[in-house]
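Student: Starting off with a structure, shown below.
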Amino acid sequence: MLSVQIDNNNSVDNGGGVYVYEGTFTMQGGNISKNNAARDGGGIYVSSGPFVQDGGGISGNTATRDGGGVFIRSFGEVFIDDNAEYFGNMAARAYRLEASHEDKESDPGVSIAII
């Protein structure tokens, strides 16, 4: 995603603005804002795979459960440039970034690096 605006979307499940299933999501600039998910990932939901944010903003998104801004389910690496902006994201438990996995014994989980 290169300098794209994704806003004012609603999902009855996960990923109000963007839903990624088994792939890499790279955000270079742009904004993801004012999206809503009935479950997880108000702005972005990544099922599995890397999430890379090089600048841009994620703001004003909501999720009923987890990850108002971004929700990473499992098997993903997260790289966030220090120019990335997060503000005003809301969720029941994790507002900015939530990383989770269901089977903790077999799932290596998520690694996060702020670059």
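Every number here is computed from the coordinates shown, using simple stated rules; none is lab data. If you're wondering where the values come from, they're calculated on a predicted model, not measured in any experiment. Glycine also receives a Cβ, built like all others from the backbone with ideal geometry; neighbour counts cover every protein chain displayed.
Student: List pairs: first in segment 4-18 and on the phi > 0 side of the Ramachandran plot, second hydroxyl-bearing (Ser, Thr, Tyr) and buried (at least 22 other Cβ atoms within 10 Å of the Cβ), Cβ under 6 Å, 6+ apart or cross-chain?
Tutor: From segment 4-18, the pairs are GLY15/TYR45.
Student: Show the residue pairs that are 6+ apart or on different chains and have beta-carbon atoms under 6 Å apart, the first residue being within segment 42-69 and in a loop (DSSP other than H, G, I, E, B), the second being among the hydroxyl-bearing types (Ser, Thr, Tyr).
Tutor: GLY42/THR62; GLY49/THR24; PRO50/THR24; GLY60/SER33; GLY68/THR62; GLY68/TYR95; GLY69/TYR86
The rows are residues; the columns are (1) in contact with an Asp or Glu (Cβ under 8 Å, 6 or more places away or on another chain); (2) aromatic (Phe, Trp, Tyr).
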{"residue": "GLN5", "(1), (2)": "no, no"}
{"residue": "ASP13", "(1), (2)": "no, no"}
{"residue": "TYR21", "(1), (2)": "no, yes"}
{"residue": "THR26", "(1), (2)": "yes, no"}
{"residue": "ALA38", "(1), (2)": "yes, no"}
{"residue": "SER47", "(1), (2)": "yes, no"}
{"residue": "VAL52", "(1), (2)": "no, no"}
{"residue": "GLY57", "(1), (2)": "yes, no"}
{"residue": "ASN61", "(1), (2)": "no, no"}
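Student: So which of GLY56, GLY68, GLY60 is farther than 22 Å from ALA92 by Cα, surrounded by 19 or more Cβ atoms within 10 Å (Cβ to Cβ), touching a Gly at 6+ places or on another chain (Cβ under 7 Å) and not hydroxyl-bearing (Ser, Thr, Tyr)?
Tutor: GLY56 is the lone residue from the list that is farther than 22 Å from ALA92 by Cα, surrounded by 19 or more Cβ atoms within 10 Å (Cβ to Cβ), touching a Gly at 6+ places or on another chain (Cβ under 7 Å) and not hydroxyl-bearing (Ser, Thr, Tyr).
Student: May I pose another question? Mind counting the residues in segment 2-17 that are surrounded by fewer than 20 Cβ atoms within 10 Å (Cβ to Cβ) and either under 17 Å from ILE72 (Cα atoms) or among the charged types (D, E, K, R) (or both)?
Tutor: Adding up the residues that qualify gives 2.
Student: Could you please find all residues in segment 18-41 being within 22 Å of ASP82 (Cβ to Cβ) and not in a strand (DSSP E or B)?
Tutor: Result: THR24, GLY29, GLY30.
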